[in-house]
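One structure is given here, and the rest of the page talks about it.
The values are calculated or read from the model by the stated rules, or taken from the named source; none is laboratory data. A quick note: this is a predicted structure, and the numbers were derived from the prediction, not measured. Note that each Cβ is placed from the backbone with ideal geometry, even for glycine, and that neighbours are counted across all protein chains shown.
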Amino acid sequence: MKTEVPVQLNSIVRRITASNSSVFTGPGTNTYLIGNNDVSIIDPGPNIIEHIKVIESSSKNINRILLTHTHPDHSPGATLLQKRLNIPIYGLATDSSLEKDEIIDFESYFSDGDLITTEEYRIEIIHTPGHASNHLCYLLQQEQILFTGDHIMEGSTVVIAPPDGNMSDYINSLIKIKNYDVSQIAPGHGEVITNPNEIIDWTIKHRLEREAKVIKSIERFGVCKLQELLKEVYSDVDPRLHPIAEWSLNAHLERLMELGKVVVDNHEYSVNK
């Protein structure tokens with residue numbers, strides 16, 4: 001296991017990357033410490049006690065925990081840190097996230113547009129469903145840094161897994177964050193992104209191009225089953241990753257059915273004419 005070392009990103013932001021690298025998490029889950037005298041922790045990460053100890057030893061002024069969402073690589077560490085420091089956890093839970101994820105003892109739920117204000121900084125809460133129904137981004141306003149959890153990651157696209165994940169919500173949430181003044185993205189996995197608008201536009205374009213490929217593939221088949229479609233639509237992806245890609249394919253298909261462009265009958269898909 002690698003030694004975790006806090007990285008100073010600017011005068012009030014530090015990053016600690018958990019030792020949970022994988023095909024899903026890239027180099028590991030990023031935990032962020034915001035502030036010096038009044039510290040907010042974003043995403044304490046997985047249930048790794050060594051990671052929690054590094055967070056705890058990085059500041060004596062930790063006062064709250066903020067979760068982007070409750071997936072197992074982002075949230076279980078919050079419960080560990082809460083118990084050790086007796087501090088509140090804030091975030092959001094929805095009916096579908098409560099069915100899917102570990103239960104978190106939230107102090108209260110955030111709403112879109114809520115603010116956290118200290119003498120050092122102000123953070124705006126932005127609800128960004130898509131990857132997860134309870135997903136939040138956090139905008140550090142004076143620094144124009146957007147902490148995106150799994151909404152946008154550096155170096156790869158995110159998985160959208162129904163029913164808690166929703167492709168239409170995801171695309172709408174990408175469009176939504178373009179309305180904010182953002183100079184940098186601090187993702188849940190990977191390095192800081194310094195060209196946020198370009199990356200957001202590319203991500204939207206990539207999803208819509210994949211969606212167009214789904215429609216063209218169904219038209220080519222006429223009628224097809226999911227596994228036939230998977231091999232065709234993700235022919236550019238390592239077949240070993242197809243079980244993961246299948247989740248996003250299902251999300252695309254659900255969106256296309258919502259839009260009335262695709263129909264399904266007895267597990268076979270066709271274009272709605």
Checklist line | Scan of segment 246-262 for residues that are touching a residue at least 60 places away in the same chain (Cβ under 8 Å) and either surrounded by 16 or more Cβ atoms within 10 Å (Cβ to Cβ) or in contact with a Leu (Cβ under 9 Å, 6 or more places away or on another chain) (or both), ordered by number | finding: S248, N250, A251, H252, E254, R255
Margin query: If I go through segment 75-109 residue by residue, how many of them are closer than 23 Å to V158 by Cβ, outside any helix (DSSP H, G or I) and either of a type in the set (S, T, N, Q) or at pLDDT below 95 (or both)?
Written below: 4
Checklist line | Top-ranked residue in segment 160-213 [being basic (K, R) and without any contact (Cβ under 8 Å) to a residue 40 or more places away in the chain; ranked as surrounded by the fewest Cβ atoms within 10 Å (Cβ to Cβ)] | finding: K205
Checklist line | Only one of V13, V39 that is without any contact (Cβ under 8 Å) to a residue 40 or more places away in the chain and either surrounded by 14 or more Cβ atoms within 10 Å (Cβ to Cβ) or touching a Leu at 6+ places or on another chain (Cβ under 8 Å) (or both) | finding: V39
Checklist line | Members of segment 77-99 that are within 15 Å of the chain's Cα centre (by Cα) and farther than 22 Å from L115 by Cβ | finding: S97
Note to self: Please go through (1) crowded, with 24+ Cβ neighbours inside 10 Å; (2) outside any loop (DSSP other than H, G, I, E, B) for N63 and return the number of the only condition it doesn't satisfy.
What the structure shows: (1)
Notebook entry, point to check: How about segment 143-259: which helices (runs of 4 or more DSSP H) wholly inside it have at least 2 residues that are within 22 Å of the chain's Cα centre (by Cα)?
Noted result: 167-177, 196-221, 242-258
